[in-house]
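**Q** Below you'll find the structure I mean.
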Amino acid sequence: MEEVPLEAPRAPHSQAPRQGTEAADAEARITVDSPEAMRELGRTLAGLLRPGDLVLLTGELGAGKTTLTRGLGEGLGVRGAVTSPTFVIARVHPSLSGGPALVHVDAYRLGGGLDEMEDLDLDVSLPESVVVVEWGDGKVEELSDDRLHVVIARAVGHEEVLDDVREVSVRGIGARWSAPGALAAL
């Protein structure tokens, strides 16, 4: 996993298109300094999501993927404690408020790409749910042309000071995220 040096100053809430891509992709970079701040980022991100959204989470073990998803669940108002689905592969959290369900998938132990993921019927769940896939790179992108890709990297520096600091990159891919300011709330 790429580590992002903290010494390279960056606006904590910047949004810019990626170099070499069309303006259709939106990107926001956020510095998060605690697990609670990661949950708050999840709650904020939930406000941007709607049924049919696919979110891919990338980051090393312990980076904060499940903590972010816990915040998403809180923001979406879903039932049940959002915990890592590593051993069950997927958990469905129904909405308590008539909104979309949260389908939380951990693809870490799945190596077969979309063929193996088809057994989970994510394509059936996607239209009425928000589907979050940890470790989904190279496995589920074909489910939707429109998706968010969230990369969480540990900040590098004095480890005792930066232990909880993360650099989070949120990239919106496809027409769903092409509107100017699509990620401005972050």
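**Q** Spin-label point model (7 Å from Cα, Cβ direction): what's the S84 to A175 distance in nm?
**A** 3.9
**Q** How much length is gained if the chain between D146 and A185 is pulled fully straight, taking 0.36 nm per residue apart and subtracting their Cα-Cα distance, in nm to one decimal? Don't skip to the answer; put the middle values down first.
**A** Working: separation 39, 0.36 × 39 = 14.04 nm, distance 1.84 nm.
Taking 0.36 nm per residue and subtracting the Cα distance, the gain is 12.2 nm.
**Q** While we're here: State, to one decimal in nm, how far the label point of D137 lies from the label point of R50, with both points 7 Å from Cα in the Cβ direction.
**A** Taking the two extended label points, one gets 3.0 nm.
**Q** Once label points are set 7 Å from the Cα along Cα→Cβ at both T31 and S97, what is their separation, rounded to one decimal in nm?
**A** A separation of 3.1 nm, rounded to one decimal place.
Where a number appears in this text, it was derived from the coordinates with a stated rule and is not lab data. These numbers were taken from a predicted model, which means no experiment stands behind them. All Cβ positions, glycine included, derive from the backbone under ideal geometry; neighbour counts span all protein chains shown.
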